[in-house]
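The structure under discussion appears below in the form of structure tokens.
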Amino acid sequence: MTSSNVEGTQFLQNNEQITKITQPILSQFDRLIQSYVLFNLLFIIAGLLEILSMLLFFTFLTQSSLVAFALSLIFLTMFSYFIFRVYFQTAKPEQLDHLKNQFMSNFKTILDYREGEPEHHIAIAFCCSKLSDQLAGKEFSYYRPHRWLGLFSSMLEKFSYWWHWQDVLLMRELLLKASITEHVKLVRSEPTNLEFHAVLANAYVLLSSLYASQKKRLEKEEDQWIYFKNYSAALDLKFRITAQKAVEELKILNEFAPNDPWVHLQLAYSYHDLNMPLEEINEYEIILKFNPDDLDALYKLGLLYFQEGMNAKGLRIYETLKHKHYKKAESLLKLYGA
């Protein structure tokens, strides 16, 4: 879905200004993640040293009662690790939520935030979305080897992803939900403003796209990490719920302005992002009823026809485009039978 011009608020014209707001939070997020990494490494190293020491001095230890003490120490280290790990895993969502609230609070202070002011809700929503974008891919980057260890970079990226994808996903999810909350406030301020409903639908689309992209990534890993299947099912449920909310907003747009080509174009973009090709086809067909000479809409409709196996309809569009825009027609024909 395209960005609405309401995002062109005066508070967000300067990318450097946005970076100054988001960079401290990104640094705090990295420190939080790294603290968990350090915690795990310390316990792993301690456990390995204890086991190694016991193996090296096993003969000596078996000649005294110290062997029981050594085994108890190893057991205590393992028990303490699992207890603290459960505690930290439970506390992490609260810490990430606190980090998100801190970001919003700092931004509201800079903005001189006033509840019910449309531009302020737009600015906060947009900045939350931007911060979420800046976190994309971070789960791969927490273990960077030196150049002479470049051979292990792929393995370390995979390990980093496996260890931290849930943290990055949760933080992005919290930010996009905060963006949705601000868009809801925006709609409440002007309930019949179609553009506000469009950006709220877009916010739902962004969140559903986050779930969908992560689900696809997990499905690629299922053969190697079986436990990913459970997370994949949970993400699929979240995607469906969020996508349904986006569709409801889109239906509001259609209800208020059924004859507005702009509304149907927004619907087409959103259905595309939600992977709903039949609904997307319907919207482009409506657009072409209003404006038969819209070659971009005609070309996209032809692509969809071929992708969905409606080859006869696709060829009719090819014939139309051949007389109006030969290059588009040739490009479209390449998809026939693909």
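Bear in mind these aren't lab numbers, they're just calculated from the coordinates by the rules spelled out. What you are looking at is a predicted structure, and each value in this text was computed from that prediction instead of being measured. Cβ placement follows ideal geometry from the backbone for every residue including glycine, while neighbour counts extend to all protein chains displayed.
Each of S232, S80, S270 was scored by other Cβ atoms within 10 Å of its Cβ. Arranged with the fewest first, they read S80, S232, S270.
Per-residue packing, averaged as other Cβ atoms within 10 Å, sorts the ranges 159-171, 198-210 into the order 198-210, 159-171, beginning with the highest.
Rounded to the nearest 0.05, the FRET efficiency derived from the C-beta distance between N106 and L156 at R0 = 41 Å is 0.80. Highest mobility in the GNM of the chain, judged by mean-square fluctuation with C-alpha springs under 10 Å and restricted to E195, E139, E219, is found for E219.
So if we plug the beta-carbon distance of E285 and E119 into 1/(1 + (r/R0)^6) with R0 = 41 Å, what FRET efficiency do we get, rounded to 0.05? Given R0 = 41 Å and the Cβ-Cβ separation, E is 0.65. A simple count of charges around K300, restricted to other residues whose Cβ falls under 12 Å of its Cβ and scoring Lys, Arg +1 and Asp, Glu -1, yields -4.
Take the Cβ-Cβ distance between W262 and E330 as r, set R0 to 35 Å, and report the resulting FRET efficiency rounded to the nearest 0.05.
0.75
Note on the chain: GNM, Cα springs under 10 Å; of D236, D296, D133, the largest mean-square fluctuation is that of D296. Note on I44 and L71: the model spin-label points, each 7 Å out from Cα along the C-beta direction, lie 2.7 nm apart. In the frame of its principal axes, the chain has Cα extents of 94, 55, 37 Å, reported largest first.
Residue separation of D97 and L278 scaled by 0.36 nm, minus their Cα-Cα distance, works out to 61.4 nm of gained length. Legend: distances between Cα atoms for K100/K245; K215/K289; K92/K216; K251/K324; K158/K185; K216/K245; pairs beyond 31 Å are K215/K289; K251/K324; K158/K185.
So what is the 222 nm mean residue ellipticity for the chain from helices alone, if each DSSP H run of at least 4 adds -39500 (n - 2.57) and you divide by all residues, rounding to the nearest 500 deg cm²/dmol?
-27500 deg cm²/dmol
Model label sites at K251 and D293, defined 7 Å from Cα along the beta-carbon direction, differ in position by 3.7 nm. Listed by chain and number, the aspartates and glutamates whose alpha-carbon sits under 17 Å from that of K138, ignoring those within fewer than 8 places in the same chain, are D30, E157, D167, E173. By the count of neighbouring beta-carbon atoms within 10 Å, fewest first, T109, T181 end up ordered T109, T181.
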